[in-house]
Amino acid sequence: MFLHAPVTAPADVPPLNGEPLPLEFVNTVFPVRGTLRDGLRTPEHLIWWLRSCRGRLATDLPDDALNGITPTDTHCFILLRDAAHRLVSAYVHEREPDGWDVAQINRASSMGRPWPLLRWEADGTPSSVEVSITPPVLAVQAEIAHALIRVLDGTSGLEPRACPAPGCVFFFDHARSRREWCSTGCGNRARAARHYARHHRTA
Ligand SMILES: [Zn+2]
């Protein structure tokens, strides 16, 4: 049974580009040999992605929770990802968003409701810890939705952009590096395409 097998990546896993998590999540639709693939299309793919991103989540996502992921969970993540993808696309292209997609994000956002518990440390210092009764797999969806809302309402400081390189479908955070492409490879390809177009225009 795959759930307890050694951790190996299933075929065609999405790239991890080092973007902030909401954009990394949106970028789980990616091209393989010219065809778009869904990087979350099976429980194995979703488990791989969540395990790979676990260190960047505030939600505690233990192995037990990952191993319990079902095809239904996968559908929920895909619904959320597709809505997020369309909303980020609407945002960067300054198009009107679909109300359905806004509703999907808000539905996911309302699923995780952590609350603070007050603690008094032995040294007399008050502190707090966040607790939740939301199952971790739902809490992760809420966490991603919260982060996405902060991207779209402008409070995250991120500047999502669509990579303009030929054939690239990724979004990236322009605020992080001020670069114009999602990667060095895309920058090189875009420059080569521009050079080619210029050369053939003047030939
Ligand atoms: Zn790119």
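At a glance:
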{"item": "Net lengthening on full extension, Cys53/Arg107 (0.36 nm per residue, minus Cα-Cα)", "result": "17.2 nm"}
{"item": "In Å, descending, principal axis extents of the Cα set of the stretch 10-101", "result": "41, 32, 26"}
{"item": "Whole-number D in µm²/s for the stretch 78-178 (Stokes-Einstein; Kirkwood sum over Cα pairs; 37 °C, 0.692 mPa s)", "result": "209 µm²/s"}
{"item": "Pairwise label distance in nanometres, His75 with Ala11, each label 7 Å out on the Cα-Cβ vector", "result": "2.4 nm"}
{"item": "Percent carbon-and-sulfur accessible area, the chain, ignoring ligands, DNA and RNA, probe 1.4 Å", "result": "57 percent"}
{"item": "At 0.890 mPa s and 25 °C, Stokes D of the stretch 64-124 from Kirkwood alpha-carbon radius, µm² per second", "result": "169 µm²/s"}
{"item": "Accessible solvent surface per residue of the stretch 2-158, calculated while the other protein chains remain in place, 1.4 angstrom probe, Å²", "result": "53 Å²"}
{"item": "Computed FRET value (nearest 0.05) for Ser128 with Glu94, which takes r as the C-beta separation and R₀ as 35 Å", "result": "0.30"}
{"item": "Distance histogram for the chain (every C-alpha pair counted, 5 angstrom bins, percent rounded to whole numbers)", "result": "1, 7, 13, 17, 17, 15, 11, 7, 5, 3, 2, 1, 0, 0, 0, 0"}
{"item": "Cα Rg, Dmax (largest Cα-Cα span) when computed across the stretch 135-203, Å", "result": "17.3, 63"}
{"item": "Sparse-neighbour loop sites [GluC sites (Glu not before Pro); the stretch 48-157; at most 12 other C-beta within 10 Å; DSSP]", "result": "Glu94, Glu121"}
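The values are calculated or read from the model by the stated rules, or taken from the named source; none is laboratory data. Remember, it's a predicted structure, so these values are computed and weren't measured experimentally. Neighbour counts are summed over all protein chains in view; Cβ atoms, including those assigned to glycine, are modelled from backbone coordinates with ideal geometry. What goes into the accessible areas is simple: the full protein's heavy atoms, side chains included, and nothing from ligands, DNA or RNA. Shrake-Rupley method; radii C 1.70, N 1.55, O 1.52, S 1.80 Å.
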